[in-house]
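Written below as structure tokens is the structure these notes are about.
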Amino acid sequence: MTKQSKTLVRRATIVAIALLAVTMLAGRSVTADDTAQTAIKRTRFLLLDSRIIESAENARLSLGRTNKSKHNPLMEEDKPWEKRFDNLYANVIYDKEDKLYKCWYNPFIVDRSAKGMTPEQREKRYRPPRGREMAICYATSKDGIKWEKPELELVEFEGSKQNNIVWRGPHGAGVFKDMHDPDPARRYKTLFKGRKISVGFSADGIHWGKAIECPEANVAGDTHNNALWAPTLGKYVGITRTRGKKYGRQVARTESNDFLKWTKPKVVLEGLDKAYQTYAMPVFFHGGIYLGLVAIHDQNTDRVWNELTWSPDTVHWNRVCAGTPLIANEIGYDWGCVYAGAYPVFLDDEIRIYYGASDGHHNGWRNGFLCMATLRPDGFAGYEQLAGGSNRAATITTKSVLVVGSSLCLTADVATPGYVKVTILDKENKELAESESIAKTVTDGEVQWKDGFSFRSLKNSEIRLRFELRAAKLYSFSFQE
């Protein structure tokens, strides 16, 4: 057996074990203390949240389909100071106040570039130069597709300030706009690795104050260091990286009440074994849970892809379909590495995930790009009918949830002649109502009920939901007025 064959077999075994673990977790609670909840009070529920699933029969949880933009790559290394995008570590937001897409990214501005190299030249070993240096650069877009790199005249590079550099030195900077903080001078925040893990503040995202070191949070940090305001915790959470002897790279978490004093980082996620190490993991809040886009570095092939994780509290993380990429490597601009940027942009008709892509091995010569992949709304993962064998419909039953709206809405993909049906159950498993069949793809589509049943009558009640699926994939349900 060749070395490559052994690697594939080994990886297949690891994936099988991981998928078995996911299957075993389906239908039981996975909370901070791993105890069952009574009724869960939320307005939106992603079906990937295994805490809300009581049982799943003839069904499987699978990842949603990402579609890579036909406009990819959106941005490339086309400026003298963009020597190597490397992992890019993009942070993209749509600023509703300014009606503008904004991107802060982290290229190496002192490095050796692969631009213009022949394939033969790129076969030679890449060695980083002495004095290698990163910077935070800034770009804007009106539509999120066509990007501009403004000449800000702020930071000198090789004798000129005609560039889009806003800060030289920060490594793996996570940048976000914080509407929670009442201080306008701290509206934009960044967490990064300088001499130590550090933070910075800005009123406009362009003009930044001096770095403030956070020695209590210091770890290796040579990754995309992300931070967010965690609404369910009432504090800031930082996600960085450390290293361990058994699994190599590990995702670590720190927290802060004021974005200045941070706790000692603790490991919250690591690879399935040392061959598949966890790298960066941008984290965001959606649908009542925290989602993570973890980069997996294959130590055998030296390539990187992204997988999906979720957590109820940013501490306990669960991998979804471990071993299966959410954003996969393909031929061309992202063949070698895929690093999801921080903070997907949620639009009415799609979720935009921006990512740093490169066409070569992680530790080799490579050209870098900013790219974009999209998901349908709430389309991170969903339940569908098991393929092959039985012709039975899939049945998913939830645990008790508290009705906090006047209508029940579903998000699902339905193929012809498929359908989704809903039955409402009380705590004693008595059927209260049955829905009409949903026979088309819907996004927050309101469920209609048989025999004139009024869902409004259940408001503030505890119910369970039983979904029946055939040729369909159910992503989420929500309570709406």
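The values are calculated or read from the model by the stated rules, or taken from the named source; none is laboratory data. Remember, predicted model here, so these are calculated numbers, not experimental data. Cβ: placed from backbone, ideal geometry, glycine included. Neighbour counts: every protein chain shown.
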Residue match in the stretch 27-39 (condition: modelled with pLDDT of 50 or more and among the small types (Gly, Ala, Ser)): yes
If you go through the stretch 408-428 one residue at a time, how many are over 15 Å from residue 393 (Cβ atoms) and either of a type in the set (A, V, I, L, M, F, W, C) or crowded, with 18+ Cβ neighbours inside 10 Å (or both)? 7
Does residue 48 fit the bill of being at pLDDT 95 or above, in the same structural domain as residue 469 (by TED's automatic domain parsing), surrounded by 19 or more Cβ atoms within 10 Å (Cβ to Cβ) and not in a strand (DSSP E or B)? yes
List every residue pair whose Cβ atoms sit under 7 Å apart, with the two residues 6 or more apart in sequence or on different chains, where the first one lies in the stretch 320-335 and is surrounded by fewer than 16 Cβ atoms within 10 Å (Cβ to Cβ) and the second, anywhere, is among the acidic types (Asp, Glu). 332/359
Only residues that are within 21 Å of residue 376 (Cβ to Cβ) and not basic (Lys, Arg): list them for the stretch 418-441, please. 418, 419, 420, 422, 437, 438, 439, 441
Which count do you get for residues in the stretch 57-89 that are outside the structural domain of residue 128 (by TED's automatic domain parsing) and on the phi > 0 side of the Ramachandran plot? 1
Report yes if residue 24 is part of a loop (DSSP other than H, G, I, E, B) and either modelled with pLDDT under 90 or more than 19 Å from residue 326 (Cβ to Cβ) (or both), otherwise no. no
Every residue in the stretch 390-407 that is farther than 20 Å from residue 462 by Cβ and crowded, with 20+ Cβ neighbours inside 10 Å, please. 394
Tally of residues being more than 24 Å from residue 151 (Cα to Cα) and basic (Lys, Arg) across the stretch 88-139: 5
Exactly one of 450, 430, 440 is under 32 Å from the mean Cα position of the chain (by Cα) and either of a type outside the set (S, T, N, Q) or farther than 17 Å from residue 416 by Cβ (or both), and that one is 440
I need the full set of residues from the stretch 92-119 which are in contact (Cβ under 8 Å) with a residue 60 or more places away in the chain, touching a strand residue (DSSP E or B) at 6+ places or on another chain (Cβ under 9 Å), hydrophobic (A, V, I, L, M, F, W, C) and closer than 18 Å to residue 78 by Cβ, in order please. 103, 104, 114
Across the stretch 195-211, which residue is farthest from the chain's Cα centre (by Cα) among those that are closer than 19 Å to residue 241 by Cα and surrounded by fewer than 17 Cβ atoms within 10 Å (Cβ to Cβ)? 195
Take the stretch 66-83 and flag every residue that is surrounded by fewer than 15 Cβ atoms within 10 Å (Cβ to Cβ) and closer than 14 Å to residue 143 by Cβ. 70, 71
Would you mind stating whether residue 314 is within 23 Å of residue 180 (Cβ to Cβ) and either surrounded by fewer than 17 Cβ atoms within 10 Å (Cβ to Cβ) or not assigned by TED's automatic domain parsing to the domain that holds residue 195 (or both)? no
More than 21 Å from residue 292 (Cα to Cα), free of Cβ contacts under 8 Å to residues at least 60 places away in the same chain and either assigned to a loop (DSSP other than H, G, I, E, B) or not assigned by TED's automatic domain parsing to the domain that holds residue 452 (or both), is that true of residue 363? no
Do the conditions hold for residue 427, that is, is it modelled with pLDDT of 95 or more and charged (D, E, K, R)? no
Would you point out which residue out of 431, 468 is over 26 Å from residue 351 (Cβ atoms) and free of Cβ contacts under 8 Å to residues at least 12 places away in the same chain? 431
Across (1) outside any strand (DSSP E or B); (2) exposed (fewer than 15 other Cβ atoms within 10 Å of the Cβ), residue 377 clears everything bar (2)
